[in-house]
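Nothing in this text is a laboratory measurement; each read-out follows from the coordinates by a stated rule. Source: prediction; values computed, not measured. We place every Cβ from the backbone using ideal geometry, glycine too, and count neighbours over all the protein chains shown.
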């Protein structure tokens, strides 16, 4: 099994390294895909949105057929939606993938590759309106959503939750539990400040804020 | 202001890239340190625990005096505790740092650098016994803990929570809220499987599991 994670200039770091860690734990401790690698248009080092420099493991040309493909977001997606080579790579690989996942504004690359038309999907809160404006996507304000073999996560850190849920769906809850425990992913529910109450916050955040007793966050 | 993030061979990816993303958002949107960079013994690419290859921005020799230093963990710490050059780098830089943070088994590097003796600290659940066995650390089973200017986080993903809490403490809750919203860090509280109930789970996880109504996770 081959799990490919696509990167490109100005990709957002946590968008892809959150899922990378989760898949890495699945592979190491719980029977996940034999191969998980970072794929980019060429083997040149990629400078990410916050300045991290990452070496891809495979170029598009070298990349074997993928069973799973994850497409992160970040500022770079504004350029990459017009990169025919990258969009063709996504649409070609997606044909035989068992699942394709996007994180954050990676959903705009999925859309350009023809994979979101008529599908439920989400993105970073700051891009929900732009995703709606595309006209043919059923935009939901959830932390992540799956529609057939297409999964999409909200902004940045949401890729971790989506990848764990994907593993649970693809295998079972016990396997996802092994991964969660290995990565010690029992995050704080602390809400800082008040931005989770503002008009731009997606409904899943507002719902979460209402459910948490601020005096006693779990 | 200089925020340095130390890496070394077989460092765990999410241990340092979770905090990297959080600090990056602080810098971009909320007045955080002007400079945040990855520092390693040399400028050679570093192969991380799950196979990601990262280019450091600065070698120990090039590294300016740091205001903040974050030390991740991972398999590589087993080697690095005996790397005098790296341990000396930590202890030398720590003298003038406003705060030093560890994630996961990075706490063992802090200890070797003489920074944890008599201090409250934590680490990945799988290494709590080893941290206790050192004899001079007050080991706590929390998601993260601060003791004076020394902060330590539990395993891997806990570095995100510790870094947000550090920003809130160093600035204010509103600033941490801007960072949380930018990174859309409103994680799922879903617990998969049953490992959070087993004997090795630290007390903060067991407490969390008891507080969450499994039928209605926030």
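Results, tabulated for the structure shown:
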| item | result |
| --- | --- |
| Number of partner chain Cβ atoms within 10 Å, mean per residue of B:17-25 | 6 |
| Pseudo-label separations to other copies for residue B:147 - Cα-to-Cβ vector, 7 Å, nm | 5.2 |
| Mean residue ellipticity (222 nm) of the protein assembly as shown, computed from DSSP H runs ≥ 4 via -39,500 (n - 2.57), nearest 500 | -10000 deg cm²/dmol |
| Cα-based radius of gyration of the protein assembly as shown once divided by 2.2 N^0.38 Å, which approximates compact folds | 0.92 |
| Nm distances between copies for residue A:44, ranked from closest, using label points 7 Å along Cα→Cβ | 2.6 |
| Gyration tensor verdict on region B:9-64 (Cα atoms; rounded if a/c is under 1.5, prolate if a/b is larger than b/c, oblate otherwise) | oblate |
| Fluctuation leader among A:202, A:72, A:187 - chain A, Gaussian network, Cα springs under 10 angstrom | A:187 |
| Candidates A:38, A:178, A:145: whichever shows maximal mean-square fluctuation once chain A is modelled as a Gaussian network with Cα springs under 10 Å | A:178 |
| 7 Å along Cα→Cβ, label-point gaps from residue B:88 to other copies, nm, shortest first | 5.5 |
| Most fluctuating residue given options A:109, A:101, A:52, as computed from a GNM of chain A linking Cα atoms under 10 Å | A:52 |
| Global geometry of region B:72-197, whether rounded, prolate or oblate, following the gyration tensor of its Cα atoms and the 1.5 cut on a/c | oblate |
| Alpha-carbon centroid distance for the pair region A:53-129 / region B:146-218, whole angstrom | 29 |
| Number of partner chain Cβ atoms within 10 Å, mean per residue of B:139-147 | 1 |
| Bridge type composition, chain A - antiparallel percent by DSSP, nearest 5 | 25 |
| For A:55-68, mean number of other protein chain Cβ atoms within 10 Å | 1 |
